[in-house]
Amino acid sequence: ARWAATQKVRESEDRLRLLLEHVPGGVAMFDRQMRYLAVSRRFLSDLHIDRDVLGCSHYEIFPDIPERWRQVHQRCLAGAVEKAEEDAWARSDGIREWLRWEIHPWRDTAGEIGGIVLFAEIVTERKQAEAALRQTAERWRLALDAVGLGTFRHDLVTGVVDLDARAASHWGLQRSTVNFADLFELIHPDDRGTVQQDMTLALAPGGPGRVSSEVRVIGGDG
């Protein structure tokens, strides 16, 4: 019976080792003193750890961990579950990271809290991409404002058109979302054929993808 129990423990440890080796996320398990019990390869690579950490204190490996995170650890060791979708971390080695993390307590066979499990993901690249996208959108908006242009987005599946404030003003509309059929009715009858041809040409496979023309719009005042 003792041999069978030992085998089960070994099998369980092997499965855990396999999981930590290949899990596509950062995972670390700690005891109540915040010493590493298990850690995934992704956790080590994402946080730039190049040494064996098992048995070491988390605060020894990362002495620059902010006090607010230490308080989170203590609350989770008391039974709380906490998480953050994006959290800034300025490391002492000069690296500034954004992390998404979640912490759960784990319990021993007696039901007592034995420590915590930390799930962490580096989202720095996503944050940088979002910031770059916002800058691009702002430059685009400023450029459009400078030349007095408006834009609208036409969903070909639903037929819904979303206009920005300037485009809505150009069309004499008081709202920013309309059906394309209603918008089409505001085009001068003699120019509707031109719009249909332009749309067909712009959407044609292998076509130019973009066209330019001038059409007349009938405003709300006629």
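The values are calculated or read from the model by the stated rules, or taken from the named source; none is laboratory data. Model, not experiment: these values are computed from the prediction. As a convention, Cβ positions derive from the backbone with ideal geometry for all residues, glycine included, and neighbour counts pool all protein chains shown. The area values use the complete protein model at the heavy-atom level, side chains included, leaving out ligands, DNA and RNA. Shrake-Rupley method; radii C 1.70, N 1.55, O 1.52, S 1.80 Å.
Okay, here's what the table says:
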| item | result |
| --- | --- |
| Count of residues meeting criterion [open to solvent by 30 Å² or more (accessible area, probe 1.4 Å), touching a strand residue (DSSP E or B) at 6+ places or on another chain (Cβ under 9 Å), farther than 17 Å from W101 by Cα and modelled with pLDDT of 70 or more] in region 1-51 | 4 |
| Residues that are touching a residue at least 40 places away in the same chain (Cβ under 8 Å), under 23 Å from the mean Cα position of the chain (by Cα) and assigned to a strand (DSSP E or B), drawn from region 98-135 | V117, L118, F119, A120, E121, I122 |
| Region 171-186, residues that are assigned to a strand (DSSP E or B) and touching a strand residue (DSSP E or B) at 6+ places or on another chain (Cβ under 6 Å) | T177, V178 |
| Any pair with Cβ under 9 angstrom, 6 or more apart, that starts in region 21-50 at a residue that is at positive phi and ends at one that is crowded, with 20+ Cβ neighbours inside 10 Å and not in a helix (DSSP H, G or I) | M34/G115; M34/I116 |
| Selection count, region 69-79, where residues are in contact with a strand residue (DSSP E or B) (Cβ under 9 Å, 6 or more places away or on another chain) and not small (G, A, S) | 6 |
| L77 vs. criteria free of Cβ contacts under 8 Å to residues at least 40 places away in the same chain and not β-branched (V, I, T) | no |
| Residue within region 84-92 that is of a type outside the set (V, I, T), in a helix (DSSP H, G or I), open to solvent by 20 Å² or more (accessible area, probe 1.4 Å) and without any contact (Cβ under 8 Å) to a residue 60 or more places away in the chain present | no |
| Breaking point among (1) farther than 30 Å from W98 by Cβ; (2) out of contact with any Gly (no Cβ under 9 Å at 6 or more places or on another chain); (3) not hydroxyl-bearing (S, T, Y), for A165 | (2) |
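Here's the yes/no breakdown for (1) touching a residue at least 12 places away in the same chain (Cβ under 8 Å); (2) among the aliphatic types (A, V, I, L, M); (3) surrounded by 14 or more Cβ atoms within 10 Å (Cβ to Cβ); (4) in a loop (DSSP other than H, G, I, E, B):
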| residue | (1), (2), (3), (4) |
| --- | --- |
| A137 | no, yes, no, no |
| R141 | no, no, no, no |
| A146 | no, yes, no, no |
| V161 | yes, yes, yes, no |
| S169 | yes, no, no, no |
| G193 | no, no, no, no |
| Q197 | no, no, no, no |
| T200 | no, no, no, no |
| P205 | no, no, no, yes |
